[in-house]
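Read-outs: derived from the displayed coordinates by stated rules, not from any lab. As the structure is a computational prediction, the values presented were derived from the model and not from experiment. Note that we place each Cβ from the backbone using ideal geometry, even for glycine, and neighbour counts take in every protein chain shown.
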Amino acid sequence: MHIDRDVYPDYPMSWQARTLIGLMRGTLKPASSLLLRHPLALDAAARLGTLSRLLPMTPPSHVGIVPARFSDCGGEWIRAGDGLDERKALLYFHGGGYFSCSPRTHRPLTWRLSVVARRPVLALDYRQGPVHRLAESLADALDAYSCLLARGHAASDILLAGDSAGGHLCLATLLALRDRGMPLPEAALCLSPWADLTDVPRRANRWQDPMLPAGRVRWLARHWTAGLDPRDPLVSPVNGDYTGLPPLMIVTGSTEVLRDEARRVAVKARRDGVPVRYEEWPRMPHVFPILADVLPEARMAFRHMAAFLADVRGRTFLEDAA
C-alpha cells in the first residue's frame, strides 16, 4: 500500500496553467482584495452565489444529476462513469469561503469524483453565511451523513470529500463523527483545505498565491469565528486530535497561502496514527482540480485520487482478510 507518503509531482507546467495563473493574478486576486473588506460584501457575494444556481452549468451528457432534499438543506446526486456501485456513496462539501458557491458551481469536480470513486456523489447544499454560522454548516454535514447511514449505506462504503471551506467542513465532520462515537467513513479527500481559522497572519506564499489575498483570508476567518473559540478543533481543524480517523488524501498547490495549514494537518494526522497521502503540486492555484476542463494538471490530479482510492480499497481488503 502507498497511502502514507508525500507526493511532489514533477512536470513541465502547461501553457494553459501559465495563462490561467496570469489571468487570476491580474483579476481575481485584486478583486478579492478590494471587495472583501466589509460584511456587506459577503451579503452581496452570497446573493451572486444564489444567482449562480440559476445558471445552466450543464455537465457532459453522460452525467446524471438528481436533486436531493434533507431536513434543513438540499443537494444533488451526481452519477458519472460506468459500473457505479450504488451501495456506496461519496458525500461532497463544496468550497466558497462559507458564503458563496453551491453544488452547481462545483459540478466539474463532483462528476469527475463520481468517475474515479466509481460511486454516486452526493453534493450537499449546506447552509452558509452571512445568514448562517459554522455550527449550522456542520449540523447539515452531520445530518447528511446520518441520512446516508439511514438509507442503508454502511459507513465503510462512504467517502467524504471537500475543497477549501468544504475541506474545512470535511475535517470538522470527521472529528465530530469520531467524538460522537458514530461509525467513520472509509476515507476522506481534502482539496486545498482551509484548516486554520485562528487570527494568525499568513506569511508563506503571501505574494506567490495567484488567487487568494492572505489578508482577506484572515479577515474572513475573524468574521466566521466571532463569538467562538478559534482554537476549537471544530473551528480550526489544524488543532484537532486525529486519532482513529480513516485515511486522508490532502491536495494543495505549492504557492497557495493555505498550503502550510494543509501540511500541518497532514503532519498532525500522521503523528496521531492516520495514513495520509499529502500531495503538493508545483505552482498550482487554489483548488486547481476544479479547472480540469482546461488544465492538464487538474486532470492528472484526478488520476492520483483514483490511485489513492484504489490503495484504500486494497488496505480495506487486507484488513478484512486478516
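Annotations
- In this structure, the amide hydrogen of Gly75, modeled 1.01 Å from its nitrogen in the peptide plane, lies closer than 5 angstrom to those of Ala68, Asp125, counting only residues at least 5 positions away or on a different chain.
- Likely footprinting exposure, Ser164, Ser156, fewest C-beta neighbours within 10 Å first: Ser156, Ser164
- Put in order of Cβ neighbour count within 10 Å, fewest first, the listed residues Cys147, Cys101, Cys73 become Cys147, Cys73, Cys101.
- Enclosing the Cα atoms of the stretch 161-227 in their convex hull gives a volume equal to 96 cubic angstrom per residue.
- Zone residues, the stretch 254-294, relative to Phe302, backbone N less than 15 Å from point 7 Å out along Cα-to-Cβ: 288-294
- ³J(HN,Hα), Karplus 6.51/-1.76/1.60, whole Hz, each residue of the stretch 86-98, x for Gly, Pro: 6, 6, 10, 8, 10, 9, 10, 10, 6, x, x, x, 6
- Inverse of mean 1/r across different Cα pairs in the stretch 253-322, Kirkwood, Å: 13.7
- Annotation: amide H of Met284 within the under-5 Å range of Ser254, Thr255, sequence separation 5 or more or interchain, hydrogens built in the peptide plane.
- Cα-derived Rg to Rh of the stretch 114-267, Kirkwood definition: 0.96
- Estimated translational D of the stretch 205-322 in µm²/s (Stokes, Kirkwood radius over Cα pairs; 20 °C; 1.002 mPa s): 133
- Extension gain (nm, one decimal) between Arg87 and His2, 0.36 nm per residue minus Cα-Cα: 28.0 nm
- Selected from Phe308, Phe70, Phe93 as most flexible by GNM, with the chain as the system and alpha-carbon contacts under 10 Å: Phe70
- Under the convention that each Lys and Arg Cβ holds +1 and each Asp and Glu Cβ holds -1, the size of the dipole of the stretch 5-321 around its Cα centre is about 700 debye.
- Long-range amide H partners of Asp163 with built H, under 5 Å: Phe93, Gly95, Leu191
- Largest mean-square fluctuation among Arg104, Arg218, Arg180, in a Gaussian network model of the chain whose springs join Cα atoms under 10 Å apart, belongs to Arg180.
- 3J(HN,Hα) couplings calculated from phi for the stretch 13-23 with the Karplus curve 6.51 cos²θ - 1.76 cosθ + 1.60 (θ = phi - 60°) are, in sequence order, 5, 5, 5, 4, 5, 4, 5, 5, 5, x, 5 Hz; Gly and Pro show x.
- The shape of the stretch 5-321 can be summarised by an equivalent ellipsoid whose semi-axes, obtained from the alpha carbon gyration tensor, come to 26, 22, 21 Å from longest to shortest.
- Residue (of Ile21, Thr255, Ser114) at the positive-pole extreme of the chain, dipole from beta-carbon charges: Ile21
- Extreme residue, positive dipole direction of the stretch 5-321, given options Thr105, His304, Cys73 (C-beta unit charges): Thr105
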